[in-house]
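The values are calculated or read from the model by the stated rules, or taken from the named source; none is laboratory data. What you see is a predicted model; the values in this text were computed from it and never measured. Cβ placement follows ideal geometry from the backbone for every residue including glycine, while neighbour counts extend to all protein chains displayed.
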Amino acid sequence: MRLHRDGSRRDTSRRHFAPSLGVHDIAIDLGTANTVVFVGGRGIVASEPSVVATDSLTGEVHAVGVEAERMIGRTPATISATRPLRHGVIADFVVTEQMLRYFIGRAFDRRWAHPRLIVCAPSGVTEVEKRAVEEAALGAGARRVHLIEEPIAAAIGAGVAIEEPVGRMVLDIGGGTSEVAVISLGGIVVSRSVRVGGYELDEAISHYLRDAHQLAIGSQTAEAIKLRIGSAAPLAPELTMGVRGRHLLSGLPTEIQLHSEEVREAIRAPMEEILRAITATLEETPPDLAGDIAREGILLAGGGTLLRGLPTLVTKRTGMAVSLADSPLTCVAIGSGLALDHFDRLGTRSTARHAKNASNWRAA
Ligand code: ADP
Ligand code: MG
C-alpha cells in the first residue's frame, strides 16, 4: 500500500473548533476497539471505532471511525476496512499513522497544528512497540509525544489519588486485551496483560453458534448478541434474542432463538482467562498492598467491564469488592487528558530529535 503524504482525505463533515489561545495539547486513548480524543481545556471531542477503510490499489483513505466500521465485512474487493491495532499494539503502522492524523484533525481544524500529544498505551507493550506508537504520533503531526500507561490513566480518570502510598488494583478489559495492574505512589508495582478482550468473547459466541446451532454469523452480530444478552453471572430473568445468520447445512438465511444461559456458557473460557490474570496478579502483590486492595476493592475500566454481571463474577472469584469507573469507555482518555497539565514534567520525544528515525521507518 502506498502512503499518501497527506495521510488522509480532508473530511469536510468534521466538527469545526476555533482554538482560543495558541495550540492546545491532545490526549489520545489509542485503543484496539475505540480511539478517544481529549483536547486540553475542552474535554473529549471524539470517540470512534479504531477502523480505517483504505483503497487497496491506491492506499487512499476512504473513511475512518464510525463510517469505516460500518464497512467491515461489506467492502468490495478494492476497499479494505481494517483495525490497525491488534491486542493493544500496532499491527499496521502506516494505517495507524493515517488514523492518528485523522483524529488529530478532528481535534483541530488547522492543518498546521502540531500539538503536544499524550498517547495511552497498554502497560504490557515492549519498548519496540512503544517506539512504534511514538513514531506514528510524530508522523501524524505531533510536535512532542509522551506515552502514559493505561492502568495509570484509567485510575486518574476514575478520580483515584494515584500518588498516595496505597495499593490499588485496576482491571481494564478492552477490545483485544485485558490488563490487571497494582499501582502505588503513581507507578505500577505488578501488572499482567492477557490477549483476551471483548473480541475474544465475540469470537467465542460465533464459535458456539456454529457448533451448537450450525449458524454462521458475522463479527458485528456476535458483538450485538454480547451487548443484548451477554452476561458473566446469572440473570434474573434470563434473556432471549432472535439471531439471524446463514445455516451451514442449507446455506440459507435462518433465524434462531438464543438464550442468555447459552451465551454465558459460550464465553466461559475467555472469561476464565481474565479471572486467572486477576488471581495471578493478586498472588504476586506484596502483602501490604494486597491488604490495601482488600480494603479499597478493584477498579473496573474499559468497555469490556460493562458486561452484565461482571462485577458479581469478579467479587465471587476473588473475594474483593469492585467499583466500576463512572465512564468505563472514556476514563482512560480523561485520565490521559488530566495528565496533560503535567506535560512539562513528563519524559517526551519530539519531532526535531527523531525526525530522521521517523522517516527511516516510513521508507522501510
Ligand atoms: P479498547 O480500549 O481496546 O479500544 P474499549 O475500552 O473501547 O476497548 O472497549 C471495547 C470493548 O468493550 C468491545 O469489545 C465492546 O464489545 C465491549 N463493550 C462495550 N460495551 C459493552 C457492554 N455493554 N457489554 C459488554 N461489552 C461491551
Ligand atoms: Mg482501552
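Okay, here's what the table says:
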| item | result |
| --- | --- |
| Of all residues in region 195-222 being away from ligand 2 (no atom under 16 Å from the Cβ) and either of a type in the set (Phe, Trp, Tyr) or in contact with a Phe, Trp or Tyr (Cβ under 8 Å, 6 or more places away or on another chain) (or both), the one that is modelled with the highest pLDDT | Tyr208 |
| Qualifying residue in region 70-80 (condition: in contact with a strand residue (DSSP E or B) (Cβ under 7 Å, 6 or more places away or on another chain) and within 16 Å of ligand 1 (Cβ to nearest atom)) | yes |
| Residue match in region 209-225 (condition: within 20 Å of the chain's Cα centre (by Cα) and touching a residue at least 40 places away in the same chain (Cβ under 8 Å)) | yes |
| Single residue of region 26-69 satisfying the filter (surrounded by fewer than 20 Cβ atoms within 10 Å (Cβ to Cβ) and among the polar types (S, T, N, Q)) that is nearest to ligand 1 (Cβ to nearest atom) | Ser47 |
| Yes/no for Ala77 being within 16 Å of ligand 2 (Cβ to nearest atom), surrounded by fewer than 18 Cβ atoms within 10 Å (Cβ to Cβ) and free of Cβ contacts under 8 Å to residues at least 40 places away in the same chain | no |
| Region 315-337: number of residues that are assigned to a helix (DSSP H, G or I), closer than 17 Å to Ala277 by Cα and in contact with a helix residue (DSSP H, G or I) (Cβ under 9 Å, 6 or more places away or on another chain) | 2 |
| Top-ranked residue of region 114-157 - restricted to ones that are under 21 Å from Val194 (Cβ atoms), at pLDDT 90 or above and not in a strand (DSSP E or B), ranked as nearest to ligand 2 (Cβ to nearest atom) | Glu150 |
| Selected residue (only one of Ala91, Ala113 is without any contact (Cβ under 8 Å) to a residue 12 or more places away in the chain and aliphatic (A, V, I, L, M)) | Ala91 |
| Count of residues meeting criterion [within 18 Å of Leu310 (Cα to Cα) and of a type in the set (A, V, I, L, M, F, W, C)] in region 217-252 | 9 |
| So Gly22, is it among the small types (Gly, Ala, Ser) and either modelled with pLDDT under 90 or in contact with a Lys or Arg (Cβ under 9 Å, 6 or more places away or on another chain) (or both) | yes |
| Output for region 98-108, where each listed residue is closer than 20 Å to Gly337 by Cα and either without any contact (Cβ under 8 Å) to a residue 40 or more places away in the chain or in a helix (DSSP H, G or I) (or both) | Met99, Leu100, Arg101, Tyr102, Phe103, Ile104, Gly105, Arg106, Ala107 |
